[in-house]
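First the structure, in the form of structure tokens, and then the observations on it.
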Amino acid sequence: MLAPTAWALMPSTPTPGGIAVLTLPPDAQSASYEDYPIWLIHEDDRAVALVGLGLDAKPGPHQLNWQDAEGHVRHLAFTVEDKHYPTQKLTVPPKMVDLDVATLERVRQEQSRIRAALTYYRPTSGDFPWPLAQPAAGPTSSPFGLRRLFNGKPRKPHSGLDIAAAEGTPIQTPAAGIVIDIGDFYFNGKTVFVDHGGGLVSMYCHLSSFAVQKGESLQPGQLLGQVGRTGRATGAHLHWGVALNGNLVDPALFLAAETAAQP
Ligand SMILES: [Zn+2]
């Protein structure tokens, strides 16, 4: 069993796509960033805010808002540092890049549905689930943050971690949670969204099949489905996304202890 303070080993990564670990006075009651509630951990002599930073976070000064014991809103300035992510060139069928009007409309609707899932917030008193086990066995085939050119055209950067695995490989939730949405999306294919509480949401894309239903409560390690290549996938793999306070961050940050433990 991991000690409940295991998260304290998580390094602060105040960069686009990172997690800033910020120290507040012990009387901090709550905190918010970009109007979104922040995961707050209370210790004897301090409170710790875990702030997820999107890939679009601008390097420079940022501000965390927090409430003291009297309910006064106070501010903590912190700095987001620049981080360079490499560029990846991908070739996909033209219909996956140049969308017709009907498909564009479908994608727009799906984007707002995905946004709703990734910004889902449920208060929790549980421990921050860190580190996490990798949800499927296999090597990383595409890291988080790559700037991407599809058929020579710039598209959104890679906001998750790709794990290469054969079709049918089991995918397990690395932490307890609730299935808040499930569906078959144009780009992401068959996808499961798991709410872990406190503004931590994970997503699993391109599945060949589902093993859970919307609304289901999950125990750590429970089967979510199987690896596939549905949606815009050049081969069978799991795209794993992790959102913290509504921002997609690098899932590898949650695997740090395991990585460090290896010789
Ligand atoms: Zn991916």
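The values are calculated or read from the model by the stated rules, or taken from the named source; none is laboratory data. Predicted model only: the values in this text are computed from it and were never measured. Neighbour counts run over all protein chains shown; Cβ positions are idealised from the backbone, glycine included. Note: accessible area is taken over every heavy atom of the protein model, side chains too, but ligands, DNA and RNA are not part of it. Shrake-Rupley method; radii C 1.70, N 1.55, O 1.52, S 1.80 Å.
Of all the numbered requirements in (1) part of a loop (DSSP other than H, G, I, E, B); (2) surrounded by fewer than 21 Cβ atoms within 10 Å (Cβ to Cβ), Gly183 misses one, and that requirement is (1). Residues of region 205-240 that are in contact with a helix residue (DSSP H, G or I) (Cβ under 7 Å, 6 or more places away or on another chain) and open to solvent by less than 10 Å² (accessible area, probe 1.4 Å): Trp240 alone. Leu248 passes every criterion in (1) within 13 Å of the ligand (Cβ to nearest atom); (2) open to solvent by less than 20 Å² (accessible area, probe 1.4 Å); (3) not in a loop (DSSP other than H, G, I, E, B) apart from (2).
Given the condition at pLDDT below 95 and open to solvent by less than 90 Å² (accessible area, probe 1.4 Å), answer yes or no: does some residue in region 75-83 qualify? Give the derivation first.
Going residue by residue through region 75-83, those that are at pLDDT below 95 are none.
No, that holds for no residue.
Scanning region 151-180 for residues that are within 14 Å of the ligand (Cβ to nearest atom) and part of a loop (DSSP other than H, G, I, E, B) yields Lys156, Pro157, His158, Ser159, Gly160, Ala165.
Could you tell me whether region 1-22 includes any residue that is part of a helix (DSSP H, G or I), without any contact (Cβ under 8 Å) to a residue 60 or more places away in the chain and open to solvent by 50 Å² or more (accessible area, probe 1.4 Å)?
Taking region 1-22 and keeping what is part of a helix (DSSP H, G or I), we get 6-9.
Checking which are without any contact (Cβ under 8 Å) to a residue 60 or more places away in the chain leaves us with 8.
Still in the list and also open to solvent by 50 Å² or more (accessible area, probe 1.4 Å): 8.
Yes - at least one qualifying residue is present in region 1-22.
Condition check ((1) in the same structural domain as Gly160 (by TED's automatic domain parsing); (2) β-branched (Val, Ile, Thr)) across all residues:
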site	(1), (2)
Pro14	no, no
Ala20	no, no
Glu34	no, no
Val48	no, yes
Leu64	no, no
His72	no, no
Val92	yes, yes
Lys95	yes, no
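Being under 25 Å from Ala252 (Cα atoms), among the hydrophobic types (A, V, I, L, M, F, W, C), in contact with a His (Cβ under 9 Å, 6 or more places away or on another chain) and surrounded by 18 or more Cβ atoms within 10 Å (Cβ to Cβ) narrows it down to one residue among Leu64, Leu50; which is it? Step by step, each of Leu64, Leu50 is checked, and only Leu64 is under 25 Å from Ala252 (Cα atoms), among the hydrophobic types (A, V, I, L, M, F, W, C), in contact with a His (Cβ under 9 Å, 6 or more places away or on another chain) and surrounded by 18 or more Cβ atoms within 10 Å (Cβ to Cβ). Within the bounds of region 129-150, is there any residue that is assigned by TED's automatic domain parsing to the domain that holds Phe254, within 16 Å of the ligand (Cβ to nearest atom), assigned to a strand (DSSP E or B) and under 13 Å from the mean Cα position of the chain (by Cα)? No, region 129-150 has no match at all. Residue count for region 186-206 under the criterion of being assigned to a loop (DSSP other than H, G, I, E, B) and within 13 Å of the ligand (Cβ to nearest atom): the result is 2.
Residues are listed down the side, and each one gets a yes or a no for (1) farther than 15 Å from Phe254 by Cα; (2) surrounded by fewer than 19 Cβ atoms within 10 Å (Cβ to Cβ):
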site: Glu110; (1), (2): yes, yes
site: Thr119; (1), (2): yes, yes
site: Ala133; (1), (2): no, yes
site: Ser142; (1), (2): yes, yes
site: Lys156; (1), (2): yes, yes
site: Glu167; (1), (2): yes, yes
site: Val179; (1), (2): yes, no
site: Phe193; (1), (2): yes, no
site: Met203; (1), (2): no, no
